[in-house]
Amino acid sequence: MKKPILFLLLALGLFGLVGCNSSSNQNSTKANSNQESLESPNQEEVKKIVYEIDPTKPIIALTFDDGPNTTTTMRVLDKCEEYGVVASFFVIGNNINENSAEAIKRAYALGCEIDNHSKTHGYLNKMTEDEVKAEIQFTNDKVKELIGIEPKFFRPPYIATSSIMYDSIDMPFICGIGSNDWDAKVSVEDRAGKILDQIKDGSIILLHDSEGNLKTVQALDILIPELKKQGYQFATVSELFEAKGVAIDPEDSMLYSIVG
Ligand SMILES: [Zn+2]
């Protein structure tokens with residue numbers, strides 16, 4: 001039997017006066033040792049999410065598309081903190097501005113992953129190689145500017161793909177199991193329930209943190225506790241690949257919804 005490997009992940013975030021104090025005193029993460037006093041407003045806040053992943057037990061990756069923004073993305077991050085789980089955010093380059101950049105920085109400091117969902121959210125499958133490459137590079141550069149590293153994974157807008165895309169994008173393509181949570185008519189209960197119906201070990205969950213999509217934020221109050229109850233561990237997409245022993249191969253032509 002394969003010896004369990006424990007991944008200990010430590011995310012340290014240094015925050016000044018901006019952005020991320022909305023739930024700073026909600027230390028719901030078991031291992032979160034942030035006991036820092038809020039008495040001194042000038043004191044830099046250090047946030048830590050510490051968690052272990054046992055690859056012999058079920059693992060899933062929670063992912064969100066179409067951010068960043070200062071409303072829904074921040075509310076999703078509040079939920080991540082509240083429940084002590086990490087997520088991966090597939091961001092649209094054109095949505096990154098001075099204000100929404102704070103959501104990216106906060107997510108990364110919490111231990112979340114920032115991935116690529118193109119620049120314009122257009123149909124990349126109808127674009128030329130140069131256009132496709134420009135879409136990817138723009139968002140990679142923007143993310144690197146903010147957190148110092150480039151995204152490792154790509155989710156095609158509308159899950160529309162082409163051979164040109166596979167040939168010119170050097171990142172694994174990620175899909176996932178979803179619940180049509182981009183449709184305002186889908187109830188909070190269905191957003192969680194349809195995912196719970198499909199979930200299994202190695203699944204990537206595809207939700208949306210687009211502006212105004214607050215039903216999905218509410219659905220997390222059903223989804224995350226239920227998944228925890230069922231024994232699922234939450235990982236970033238990178239950690240899911242690592243835990244499942246699946247190499248990140250820039251050359252492959254897969255569209256991953258389940259890893260391993
Ligand atoms: Zn999208």
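In segment 197-225, of all residues being within 14 Å of the ligand (Cβ to nearest atom) and of a type in the set (S, T, N, Q), the one that is surrounded by the fewest Cβ atoms within 10 Å (Cβ to Cβ) corresponds to Ser210. Please verify whether Ile60 is more than 14 Å from the ligand (Cβ to nearest atom) and either modelled with pLDDT under 95 or part of a strand (DSSP E or B) (or both), treating the condition exactly as stated. Yes: the conditions hold for Ile60. On the stretch given as segment 179-196, residues that are touching a His at 6+ places or on another chain (Cβ under 8 Å) and either buried (at least 19 other Cβ atoms within 10 Å of the Cβ) or in a helix (DSSP H, G or I) (or both) total 1. Would a scan of segment 178-197 turn up a residue that is hydroxyl-bearing (Ser, Thr, Tyr), more than 30 Å from Gln137 (Cβ to Cβ) and at pLDDT 95 or above? Yes, segment 178-197 contains at least one residue that is hydroxyl-bearing (Ser, Thr, Tyr), more than 30 Å from Gln137 (Cβ to Cβ) and at pLDDT 95 or above.
Tell me the helices (runs of 4 or more DSSP H) entirely within segment 92-177 that contain at least 1 residues that are closer than 21 Å to Ile248 by Cβ and over 19 Å from the mean Cα position of the chain (by Cα). Show your work before the answer.
Details: elements: 101-110, 129-147, 163-168.
By residue number, 129-147, 163-168.
On inspection, Asn125 fails the criterion of being more than 16 Å from the ligand (Cβ to nearest atom) and without any contact (Cβ under 8 Å) to a residue 60 or more places away in the chain.
The number of residues in segment 86-118 being within 16 Å of the ligand (Cβ to nearest atom) and charged (D, E, K, R) comes to 1. Annotation for segment 73-83: at least one member residue is under 20 Å from Thr120 (Cβ atoms), out of contact with any strand residue (DSSP E or B) (no Cβ under 6 Å at 6 or more places or on another chain) and either within 16 Å of the ligand (Cβ to nearest atom) or at pLDDT below 95 (or both).
Looking at Lys215, Lys200, Lys185, can you tell me which residue is out of contact with any helix residue (DSSP H, G or I) (no Cβ under 9 Å at 6 or more places or on another chain) and under 23 Å from Gly84 (Cα atoms)? Step through it out loud before you land on a result.
Values: Lys215 fails: out of contact with any helix residue (DSSP H, G or I) (no Cβ under 9 Å at 6 or more places or on another chain); Lys185 fails: under 23 Å from Gly84 (Cα atoms).
Of Lys215, Lys200, Lys185, the one residue that is out of contact with any helix residue (DSSP H, G or I) (no Cβ under 9 Å at 6 or more places or on another chain) and under 23 Å from Gly84 (Cα atoms) is Lys200.
The values are calculated or read from the model by the stated rules, or taken from the named source; none is laboratory data. From a predicted model like this one, the values you see are computed outputs, not experimental measurements. Ideal geometry is used to build each Cβ from the backbone, glycine not excepted, and the neighbour counts take in all protein chains shown.
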